[in-house]
Amino acid sequence: MTFKKEIQSLFSDLLDVVFPETCSACGNRLYKNEHMICIYCLSNLPRTHFHNDNENPVYKIFWGRVNVEFATAFLFFSPKGIVQHMIHQLKYKGNKDIGVMLGRMYGRELKESSVFSSVQCIVPVPLHPAKLRKRGYNQSEMIAEGLSQALQIPVDTGGFKRKKHTESQTRKSRYKRWENVDNIFERAEAGIFDNKHVLLVDDVITTGATIEACAQEILKDKNTKVSVAALACAMHF
Ligand SMILES: [Zn+2]
């Protein structure tokens, strides 16, 4: 090793000591050949495989509520688990790349099955504008981006948005506002989703209320279909 190379290598090792790259799932230090998620966590991702199940629990929560073609989620969410850690990184630590990476992984898995083969555009659940300003990005859009890369289906972020709080909504209590997700989404214009099969993308599905409200709004257009893919599901089974 030349002296210059030795210095470079020493410098990179030193950087590694000062700012070690850590696994976005477990927080342990990454080895040089690992990227974002350590090999242990990668091989232990709690996959649902729900896309292979036509009566999976994520799909079933929408039955009788809103007419979705199919719904599924990539991973099981459990409090304090590795999925929770990754989603925390994605939402609160500015780690956009983990969203894109997981979206891409999920997209590759979905591509092998043909559940979303007729989908024409991917629409992330919009964030409230104030939250978007604060966070700087929409975490669901990062997941959508990864899905789009793997599935080769475009992302549409312009056609659908979350309304600003009206005064009457602002005056409601926090709890009531959380409960009241009806009517908080709007299409940029009527007819924008006519004749389209839309894949709605969210980070975590819990009650399904947000997705339901989004789907209701999109389905106001003519001859429209809605499917759902979430990064994780946190329901009780
Ligand atoms: Zn790990």
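The values are calculated or read from the model by the stated rules, or taken from the named source; none is laboratory data. Here the structure is a predicted model, which means the values were calculated and not measured. Counting neighbours? That spans all protein chains shown, and the Cβs are built from the backbone with ideal geometry, glycine included.
Values computed for the structure shown
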read-out: Per-region count, segment 52-94, residues more than 16 Å from the chain's Cα centre (by Cα) and part of a helix (DSSP H, G or I); value: 4
read-out: Long-range neighbours under 8 Å by Cβ, at least six apart or interchain, first residue at negative phi and part of a loop (DSSP other than H, G, I, E, B) within segment 28-39, second among the hydroxyl-bearing types (Ser, Thr, Tyr) and more than 9 Å from the ligand (Cβ to nearest atom); value: 38/31
read-out: Cβ-Cβ under 9 Å pairs, at least 6 apart or on other chains, segment 87-105 side without any contact (Cβ under 8 Å) to a residue 12 or more places away in the chain, far side small (Gly, Ala, Ser); value: 93/24
read-out: Every pair of residues 6+ apart whose Cβ atoms lie under 6 Å, when the first sits in segment 213-226 and is touching a residue at least 12 places away in the same chain (Cβ under 8 Å) while the second is part of a helix (DSSP H, G or I) and basic (Lys, Arg); value: none
read-out: Cβ pairs under 8 Å, 6+ apart, first in segment 146-158 and at positive phi and outside the structural domain of residue 127 (by TED's automatic domain parsing), second in a helix (DSSP H, G or I) and aliphatic (A, V, I, L, M); value: none
read-out: Residue in segment 137-145 that is on the phi > 0 side of the Ramachandran plot and either at pLDDT 95 or above or not acidic (Asp, Glu) (or both) present; value: no
read-out: When residues of segment 100-141 are limited to those that are out of contact with any strand residue (DSSP E or B) (no Cβ under 8 Å at 6 or more places or on another chain) and among the hydroxyl-bearing types (Ser, Thr, Tyr), the one surrounded by the fewest Cβ atoms within 10 Å (Cβ to Cβ); value: 114
read-out: Residue list for segment 27-42, restricted to those being surrounded by 16 or more Cβ atoms within 10 Å (Cβ to Cβ) and either away from the ligand (no atom under 16 Å from the Cβ) or of a type in the set (A, V, I, L, M, F, W, C) (or both); value: 30, 36, 37, 38, 41
read-out: Residue 99 vs. criteria in a helix (DSSP H, G or I), in the same structural domain as residue 148 (by TED's automatic domain parsing) and more than 16 Å from the ligand (Cβ to nearest atom); value: yes
read-out: All positions within segment 43-79 that are within 15 Å of the ligand (Cβ to nearest atom) and either without any contact (Cβ under 8 Å) to a residue 12 or more places away in the chain or touching a Leu at 6+ places or on another chain (Cβ under 7 Å) (or both); value: 43, 45, 46, 75
read-out: Where a residue in segment 115-134 is within 18 Å of residue 231 (Cβ to Cβ) and in the same structural domain as residue 196 (by TED's automatic domain parsing) and its partner, wherever it lies, is charged (D, E, K, R) and in a helix (DSSP H, G or I), with Cβ under 8 Å and at least six apart; value: 124/141; 127/135
read-out: Selected residue (only one of 224, 157, 166 is among the hydroxyl-bearing types (Ser, Thr, Tyr) and modelled with pLDDT of 95 or more); value: 224
